[in-house]
1. Between a residue in the range 24-46 that is without any contact (Cβ under 8 Å) to a residue 12 or more places away in the chain and any residue that is part of a loop (DSSP other than H, G, I, E, B) and buried (at least 16 other Cβ atoms within 10 Å of the Cβ), which pairs come within a Cβ distance under 8 Å, given they are 6 or more apart or on different chains?
2. For the range 162-171, indicate whether the set of residues that are touching a helix residue (DSSP H, G or I) at 6+ places or on another chain (Cβ under 6 Å), in a helix (DSSP H, G or I) and either over 22 Å from residue 105 (Cβ atoms) or in contact (Cβ under 8 Å) with a residue 24 or more places away in the chain (or both) is non-empty.
3. Considering only the range 324-340, state which residues are within 26 Å of residue 222 (Cβ to Cβ) and either in contact (Cβ under 8 Å) with a residue 60 or more places away in the chain or assigned to a loop (DSSP other than H, G, I, E, B) (or both).
4. Could you list all residues from the range 252-309 that are touching a strand residue (DSSP E or B) at 6+ places or on another chain (Cβ under 9 Å), under 30 Å from residue 70 (Cβ atoms) and assigned to a helix (DSSP H, G or I)?
5. Has the range 238-246 got at least one residue that is under 30 Å from residue 81 (Cα atoms), crowded, with 22+ Cβ neighbours inside 10 Å and under 19 Å from the mean Cα position of the chain (by Cα)?
6. If you take the residues in the range 341-363 that are under 16 Å from residue 4 (Cα atoms) and at pLDDT 95 or above, which one is surrounded by the most Cβ atoms within 10 Å (Cβ to Cβ)?
7. Test of understanding: among 227, 222, which residue is surrounded by 14 or more Cβ atoms within 10 Å (Cβ to Cβ), touching a residue at least 40 places away in the same chain (Cβ under 8 Å) and either at positive phi or part of a loop (DSSP other than H, G, I, E, B) (or both)?
8. Would you mind finding the one in 98, 119, 142, 69 that is assigned to a helix (DSSP H, G or I), touching a helix residue (DSSP H, G or I) at 6+ places or on another chain (Cβ under 9 Å) and either modelled with pLDDT of 95 or more or surrounded by 17 or more Cβ atoms within 10 Å (Cβ to Cβ) (or both)?
């Protein structure tokens with residue numbers, strides 16, 4: 001008995017800003033001299049990102065006029081605290097999540113929402129209670145008895161834990177209809193302290209939401225292609241726990257992301273992949289496509305080099321990184337949405353997916369794209 005992803009929907013906020021304009025905002029915010037501005041520009045030019053999204057207009061504004069949270073000021077007390085950032089999260093998150101869900105459900109019948117039995121929400125960029133799960137129950141008109149699970153603060157790999165949870169549910173309860181929703185407003189956590197970690201983090205992160213329906217394969221609602229959930233495997237690397245961190249500070253959530261992360265992924269990902277493939281009863285030659293979390297260009301290249309696959313076999317991750325930036329947990333569902341919707345002949349394709357986060361945690365999965373004739 002297996003489960004599958006039958007539909008995926010995505011959404012982004014209205015403010016779409018070119019990476020070059022965000023660089024200009026950051027150079028001003030950090031008050032960089034010519035030499036350091038050139039160093040920062042090199043990071044942005046080599047990020048592999050063309051555009052990013054935010055619930056804030058701030059990053060595309062050349063002056064303080066029109067900025068909502070991050071005005072340029074010498075007064076450190078004017079920099080928004082965590083309470084103000086979380087108020088914006090609570091104001092914006094549910095609406096963006098709802099847009100992703102509506103995109104996901106557009107192919108289903110109008111009454112499908114009444115059939116949803118479980119809701120799994122994922123976020124590491126904001127929390128409040130009653131939370132976004134209850135917001136969605138009310139906005140979608142779900143039954144108040146729907147079973148709710150909240151996966152919070154796990155970072156970029158949170159979506160894989162949500163898919164794993166949905167898989168367990170659907171294998172145990174064949175008539176279950178699980179809605180997974182990831183919502184991340186990363187740009188609310190811009191940090192102004194002039195450090196290399198902040199330079200890198202501020203060059204990558206973006207806002208977005210994604211939703212997916214997971215069903216038991218024998219009870220799926222829609223015809224058409226699906227992504228069958230086959231095998232999961234997770235491992236963390238204790239020696240690397242200080243290279244990526246995510247802490248709640250007085251001025252928002254603080255990301256630690258050192259330059260060693262891509263090197264550690266390069267070093268450790270082959271062993272994780274080997275264990276995953278053995279668990280699935282497959283070998284590397286059985287994998288046709290890859291779905292690597294687009295955490296950054298160096299991370300994608302490290303995985304590609306370490307596992308010996310071509311850029312083309314991971315093309316959707318590069319496309320998501322280019323067009324959206326790193327949307328934390330939502331990103332991998334953007335990649336899988338492209339994988340699911342791609343047209344092509346064939347019976348099935350094996351897909352190997354990875355996502356990474358604090359720990360340093362490596363979450364991995366094998367999916368199979370089943371293409372209906």
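1. Pairs found: 36/30.
2. Looking only at the range 162-171, we keep the residues that are touching a helix residue (DSSP H, G or I) at 6+ places or on another chain (Cβ under 6 Å), and these are none.
Taking every residue of the range 162-171 in turn, none turns out to be touching a helix residue (DSSP H, G or I) at 6+ places or on another chain (Cβ under 6 Å), in a helix (DSSP H, G or I) and either over 22 Å from residue 105 (Cβ atoms) or in contact (Cβ under 8 Å) with a residue 24 or more places away in the chain (or both).
3. In the first step, residues of the range 324-340 are kept if they are within 26 Å of residue 222 (Cβ to Cβ); the result is 324, 327, 329-340.
324, 327, 329, 330, 331, 332, 333, 334, 336, 337, 339, 340 - these are the residues of the range 324-340 that are within 26 Å of residue 222 (Cβ to Cβ) and either in contact (Cβ under 8 Å) with a residue 60 or more places away in the chain or assigned to a loop (DSSP other than H, G, I, E, B) (or both).
4. The answer is 261, 299, 300.
5. Taking every residue of the range 238-246 in turn, at least one turns out to be under 30 Å from residue 81 (Cα atoms), crowded, with 22+ Cβ neighbours inside 10 Å and under 19 Å from the mean Cα position of the chain (by Cα).
6. Within the range 341-363, the first condition is being under 16 Å from residue 4 (Cα atoms), and the residues that meet it are 341, 347-353.
Still in the running and at pLDDT 95 or above: 350-353.
On the way: 350: 18, 351: 24, 352: 27, 353: 25.
The qualifying residue surrounded by the most Cβ atoms within 10 Å (Cβ to Cβ) is 352.
7. Numbers: 227 fails: either at positive phi or part of a loop (DSSP other than H, G, I, E, B) (or both).
One residue alone meets the criteria, 222.
8. When all the criteria are applied, what remains is 98.
The values are calculated or read from the model by the stated rules, or taken from the named source; none is laboratory data. Note that the coordinates shown come from a computational prediction; the quantities given were computed from them, not determined experimentally. When we count neighbours, we look across all protein chains shown, and the Cβ atoms used for this are built from the backbone with ideal geometry, even at glycine.
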